[in-house]
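For reference, the structure is listed below as structure tokens.
The values are calculated or read from the model by the stated rules, or taken from the named source; none is laboratory data. What you see is a predicted model, and the numbers here were worked out from it, not measured in a lab. With ideal geometry, Cβ positions are generated from the backbone for all residues, glycine too; neighbour counts draw on all protein chains shown. Protein only, heavy atoms only, side chains kept; ligands, DNA and RNA dropped before computing areas. Shrake-Rupley method; radii C 1.70, N 1.55, O 1.52, S 1.80 Å.
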Amino acid sequence: MVIRSEFTDLRRAQQALLDEVARHGYSESASFAIRLAVEEALNNAIKHGNAMDPDKRVTICYEVDERCTEVTVIDEGRGFDPKRIPDPTADENIEKPCGRGIMLMRAYMDDVQFLGGGNQVRLVKVNDRHGSRDASD
Amino acid sequence: MKPDNEESLGLEVERHGRAAVVHVRGSVGLGEAAGLRKQLCDLCDAQCHPVVLDLEQMYFIASAGLGAMVEAHLKLRHHEGQLRLLKPQPSIRRLFETTRLTKLFPMYEDAGAALTA
């Protein structure tokens, strides 16, 4: 799915994915985690990657089955080094209004990888109702 | 019970003298964070203290919504005000714990305690 760098398109894409997640019987907590992580990934892609440029697009690829959900979000920006993002839970950053998106993705998903120089993020969530599975399979 | 439309954001303000309770219903994602920010900003400008966010019927919040709350915390502090959280759902409580924002926002299960603490 390819969307414009606008929040209305974000909601439409997110809902299509969440409908699939619900159809496959994921738990409420897993659905919450996927919704949160995808929202953060799309927010980063639109705001930071594409800098809200209406001519730039965000590509969302996802695969949902009974065992796990895998989502890849790709923007048209120059990428970034995720290691250089400050820890938002550190005392000195706790009062900063921004900078929690990547930490939330990592906290709520089973696997998070930044690829392509940082302009792609791959998110994996195991369906805890289906039993354990190695996310790297 | 969850509201019929969990996606939309509902904000209802109840004043108790200088204090304010904001009943939040639905979701605070990217599309809704600006609405929460404006409401909190208005209460900050009115120098309310404390501002209690009733989260019993809020089922989702993303970093944009958390950011709006941190901004309100910083503004309220100028006049020794405080933002307090009332009855967050377990998933929302976990999110505040994960981000360590519990350090900024005290949580209460009782409205009276939230208003008078």
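For this structure, a couple of remarks:
- Options A:Asn127, A:Asn93, A:Asn119; residue that is surrounded by 14 or more Cβ atoms within 10 Å (Cβ to Cβ) and touching a Cys at 6+ places or on another chain (Cβ under 7 Å): A:Asn127
- Selection over the range A:69-85 of residues that are away from chain B (no Cβ under 14 Å), surrounded by fewer than 21 Cβ atoms within 10 Å (Cβ to Cβ) and among the aliphatic types (A, V, I, L, M) gives a count of 1.
- Among the residues of the range A:87-119, those identified as modelled with pLDDT under 95 and assigned to a helix (DSSP H, G or I) are A:Gly116, A:Gly117, A:Gly118.
- Verdict on A:Ala41 being crowded, with 23+ Cβ neighbours inside 10 Å and under 17 Å from A:Leu10 (Cβ atoms): yes
So that you can scan it fast, the table gives a plain yes or no per residue for (1) farther than 27 Å from B:Ile92 by Cβ; (2) within 12 Å of chain B (Cβ to nearest Cβ); (3) in contact (Cβ under 8 Å) with a residue 12 or more places away in the chain:
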| position | (1), (2), (3) |
| --- | --- |
| A:Gln14 | no, yes, yes |
| A:Glu28 | no, yes, no |
| A:Ala37 | no, yes, yes |
| A:Glu40 | no, yes, yes |
| A:Thr59 | yes, no, yes |
| A:Val64 | no, no, yes |
| A:Arg67 | yes, no, yes |
| A:Gly101 | no, yes, yes |
| A:Val121 | no, no, yes |
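- Qualifying residue in the range B:86-97 (condition: closer than 18 Å to A:Leu104 by Cβ, within 10 Å of the chain's Cα centre (by Cα) and surrounded by 20 or more Cβ atoms within 10 Å (Cβ to Cβ)): yes
- Verdict on A:Gly49 being in contact with an Asp or Glu (Cβ under 9 Å, 6 or more places away or on another chain), buried (at least 20 other Cβ atoms within 10 Å of the Cβ) and within 14 Å of chain B (Cβ to nearest Cβ): no
- Meets criteria (more than 9 Å from chain B (Cβ to nearest Cβ), open to solvent by 10 Å² or more (accessible area, probe 1.4 Å) and of a type outside the set (Phe, Trp, Tyr)) for A:Asp110: yes
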